[in-house]
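Below you'll find the structure, written out as structure tokens, and then a few comments.
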Amino acid sequence: MNPRFPLKATAESLMLLAALIALWWLASHNEWVSKVFLPTPEATLSSLKSGLLHGELAGFSIDTINRMLLGWLLASLIGILLGALVAISSSARAWIQPTLEFIRPLPASAIMPLSISIFGLNAAMVMFVVAFGAMWPVLLATIHGFVSVDPRLREVATALRLSRTAFIWKMGLPSAMPDILAGMRLSMTVSLIIAVVGEMIASQSGLGQAILLAARSFRASELFAGVVLLGIIGFAANGLLSLAEKKLLRWQAR
Amino acid sequence: MSILSFENVAIELGGRQILSPTSFTVNKGEFISIIGPSGCGKTTLLRAAAGFVTPSGGAVRRRGEVVAGPSREMAFVFQDYGRALLPWRTVEGNISLALEAASVPAGQRPERIRRVLETVNLAAHARKFPAQLSGGMQQRVQIARCLAQEPEILMMDEPFGALDAMTRESLQDGLLKLVRNSDLTVLFVTHDLEEAIYLGDRVIALRANPTPAQPSLAAMIDVSIPHPRDQLSTKEHPDFLRLRRELYQFLGHH
Amino acid sequence: MPEAILKWARALAFPLAVLAALEVYARTIAINSDALAPPTQAAQAFLQAVSDGSLLAATGFTLLGAGLGLLVATVLGIALGILLGLSRHAAQTSFLSVEIFRTIPSVALIPLAMLIFGFGMNMEVSVVAFATVWPILILTQTAVRQIEPALLEVARALDLSPGARLAKIIVPAILPRLFVALRLAVAIALVVAVTVEIVANPYGMGYAIMIAQQSMEPALMLAWLLWIALVGYIVNEAALRLQHFVARRMGAMP
């Protein structure tokens with residue numbers, strides 16, 4: 001986002017948003033689209049308010065966020081560890097990399113049936129798939145980051161007689177940090193998506209299940225309220241990570 | 001007292017002989033400048049001395065022992081300082097790397113870092129990141145890191161080549177002062193003839209495309225100009241002008 | 001070309017080893033497992049699915065759903081992207097709205113799509129379209145913004161009509177970047193399509209693998225898992241090759 005956004009542009013941006021909401025208001029009040037599918041903005045807002053203040057939406061949100069965060073942390077840890085291991089051994093890379101490239105396009109949700117067979121329909125099942133799916137961006141980014149360590153730095157490491165562990169810890173990992181952080185940001189997005197999918201399939205408490213139930217009971221305003229919350233969670237998570245990224249990488253040349 | 005000896009060192013790369021068998025010795029405390037046109041193998045010779053490259057013939061010996069790989073006694077200063085420093089560490093952190101590699105106890109490090117930073121006049125910038133420093137300052141950080149190793153021999157590969165003339169002169173004088181106050185032995189590769197004579201106790205000129213009739217080692221001349229040297233009067237010294245005339249031909253000018 | 005064969009052999013060695021281990025494990029320790037099956041049985045189940053037409057039907061549905069959704073998103077995304085890329089004003093005005101809409105996770109819209117369209121092709125196409133329109137829009141917009149300004153001036157100098165400007169200058173200039181966006185979008189389209197089927201839509205490959213799990217047919221489930229991975233890999237590779245081809249033809253760096 002351009003921090004030097006001129007005031008006029010921001011105002012116009014808000015105006016468009018307001019215009020879209022006005023369009024929504026018109027469409028829902030005039031029933032251009034059936035009320036079953038399109039609730040009014042006020043109904044959505046009131047569902048949101050009552051759900052958060054008196055209902056279970058706050059609890060559901062926290063459940064989903066917890067799932068997303070836990071899965072993401074697990075995935076990042078495993079991804080960085082495995083990635084580092086694969087990256088430092090060029091023979092491991094040669095043998096394993098093609099398989100990694102093959103698995104990369106696989107939709108993580110396709111692992112759900114297998115996970116269900118192993119764990120049953122419960123929270124562990126969801127966590128397994130979240131961790132699996134969210135691991136790939138971090139794993140691949142870590143490998144790429146390690147492999148792209150400046151050859152000159154490797155020579156410096158050789159000249160200083162750095163041990164292998166010291167090289168990984170002091171040079172490989174920090175050098176790969178920009179890639180790893182970008183991978184972790186992508187991983188968070190994946191983690192949220194799979195957490196929601198998991199909740200829908202395994203009837204786990206959370207926003208995913210909430211909006212599915214709302215759809216099944218034709219409660220459109222609750223559905224929309226849930227979608228809005230999910231959008232906010234995704235936006236906030238991404239925004240926070242971006243900030244953390246900038247802070248951690250402030251040594252980068254402008 | 002001989003500290004480094006080159007015994008018929010020959011280097012082949014990609015099937016071509018870059019360096020024909022070359023022999024000479026370096027005494028403790030000497031400043032050897034190595035000059036030559038592009039492709040004469042001066043950098044490769046330096047890297048062989050540092051242990052990065054194994055000669056295809058002959059050997060480099062340090063204190064009688066064959067140099068089989070890099071060691072902390074021989075510090076190497078690269079030309080591309082930007083790539084040889086860790087961008088995510090401060091100046092202090094970069095110096096510390098050398099101490100960490102040598103397993104210097106953490107308690108001793110701050111003092112040694114401070115001392116070495118004062119030697120290169122960067123004490124005021126200890127907490128800055130490389131990206132915040134000028135080219136000359138970054139190169140001084142690299143030199144400081146090399147000094148922190150407390151090496152016997154300092155190997156420098158065109159260290160001032162990427163800097164502007166004024167910075168270069170300033171660093172040349174800094175280097176001279178540093179070397180005079182220590183017993184460091186220096187091997188200094190450059191394509192700048194005046195720099196080679198200004199800094200060196202001895203100048204070695206290499207030829208490109210060696211043949212049996214015209215081997216790599218074209219000339220080895222002592223620089224009898226007294227110390228201390230300075231940028232103005234030394235360059236007007238009759239010996240300086242004489243050496244410059246003698247060595248000019250070896251840079252590939254005909 | 002023995003070298004190519006060697007490369008393939010090495011790429012396949014690791015996965016074949018894993019499959020062999022799985023074969024042994026599934027036939028001994030994990031015999032009668034609901035989760036794991038010997039790969040040989042999976043191959044049998046695969047052939048069975050091919051011969052009874054279910055493989056083709058399911059794969060066709062998923063690919064069609066992903067493809068149609070992608071088509072809709074491409075048309076909309078490119079059109080809007082070009083508009084927003086050419087007009088700085090439009091880009092600034094739409095910035096907030098685009099940012100808000102694109103952070104909504106596509107899976108959150110599955111219940112809504114289900115509500116509106118019921119089950120079937122329309123539901124899947126709509127979710128895929130929503131998920132893929134944003135990356136295409138944003139990347140197209142960026143690509144248009146980065147057109148060499150000189151080219152646009154040439155268009156003005158030649159007094160080209162808007163249509164001609166589009167066809168002769170803008171589209172050819174952004175074509176390589178468009179195909180990069182397309183490659184990304186293709187991956188997303190397939191993943192989203194399969195996810196929609198796993199969560200809700202009773203058609204396609206996602207549904208097939210869920211049914212296999214529910215019917216406790218681990219061999220069929222494994223067959224589908226590997227087939228989904230293979231389809232994903234092939235589609236992604238094809239998109240990548242296409243991207244490179246276009247880049248070369250249009251004289252851009254791949």
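Checked against the criterion of being free of Cβ contacts under 8 Å to residues at least 24 places away in the same chain and β-branched (V, I, T), the candidates B:V120, B:V141, B:V91, B:V104 yield just one match: B:V104.
Matching residues to (1) outside the structural domain of A:Q97 (by TED's automatic domain parsing); (2) in a helix (DSSP H, G or I); (3) within 30 Å of B:A48 (Cβ to Cβ):
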site	(1), (2), (3)
A:T142	no, yes, no
A:F146	no, yes, yes
A:I201	no, yes, no
A:L213	no, yes, no
A:F218	no, no, no
A:V228	no, yes, no
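For every residue, the table says whether it meets (1) touching a Pro at 6+ places or on another chain (Cβ under 6 Å); (2) more than 10 Å from chain C (Cβ to nearest Cβ); (3) over 20 Å from C:L230 (Cβ atoms).
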{"position": "A:A108", "(1), (2), (3)": "no, no, no"}
{"position": "A:I116", "(1), (2), (3)": "no, no, yes"}
{"position": "A:M127", "(1), (2), (3)": "no, yes, yes"}
{"position": "A:V130", "(1), (2), (3)": "no, yes, yes"}
{"position": "A:W136", "(1), (2), (3)": "no, yes, no"}
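Residue count for the range C:90-127 satisfying the condition of being more than 8 Å from chain A (Cβ to nearest Cβ) and assigned to a helix (DSSP H, G or I): 14.
Determine, yes or no, whether C:A58 is within 14 Å of chain A (Cβ to nearest Cβ), at pLDDT 95 or above, crowded, with 23+ Cβ neighbours inside 10 Å and closer than 30 Å to A:A195 by Cβ. Answer is yes for this residue. Among the conditions (1) crowded, with 17+ Cβ neighbours inside 10 Å; (2) within 14 Å of chain C (Cβ to nearest Cβ), the only one that A:S242 does not satisfy is (1). None of A:M135, A:M171, A:M184 is surrounded by fewer than 24 Cβ atoms within 10 Å (Cβ to Cβ) and modelled with pLDDT of 90 or more except A:M171. Restricting to the range A:202-217, and then to whatever is crowded, with 24+ Cβ neighbours inside 10 Å and in contact (Cβ under 8 Å) with a residue 40 or more places away in the chain, can you tell me which residue is farthest from the other protein chains (Cβ to nearest Cβ)? Checking each candidate, the answer is A:G206. The condition (being within 11 Å of chain A (Cβ to nearest Cβ), surrounded by 19 or more Cβ atoms within 10 Å (Cβ to Cβ) and closer than 19 Å to C:I188 by Cβ) is satisfied by just one residue among C:I228, C:I234, C:I209: C:I228.
Put simply, of A:A58, A:A11, A:A27, A:A19 the only residue that is free of Cβ contacts under 8 Å to residues at least 12 places away in the same chain, surrounded by fewer than 20 Cβ atoms within 10 Å (Cβ to Cβ), under 29 Å from A:L186 (Cα atoms) and of a type in the set (G, A, S) is A:A58. Taken over the range B:85-133, the criterion of being more than 20 Å from B:R72 (Cα to Cα), away from chain A (no Cβ under 12 Å) and among the small types (G, A, S) is satisfied by B:G107, B:A123, B:A124, B:A126. Restricting attention to the range C:129-167 and to residues that are part of a helix (DSSP H, G or I) and of a type in the set (S, T, N, Q), the residue that is nearest to C:F179 (Cα to Cα) turns out to be C:T140.
Kindly provide the set of residues from the range C:98-119 that are surrounded by fewer than 23 Cβ atoms within 10 Å (Cβ to Cβ) and of a type in the set (V, I, T), ordered by number. Those that are surrounded by fewer than 23 Cβ atoms within 10 Å (Cβ to Cβ) and of a type in the set (V, I, T): C:V98, C:I100, C:T103, C:I104, C:I116.
The values are calculated or read from the model by the stated rules, or taken from the named source; none is laboratory data. Keep in mind that this is a model prediction, so the values were computed, not measured. Cβ coordinates were reconstructed from backbone atoms using ideal geometry, including for glycine residues, and neighbour counts include every protein chain displayed.
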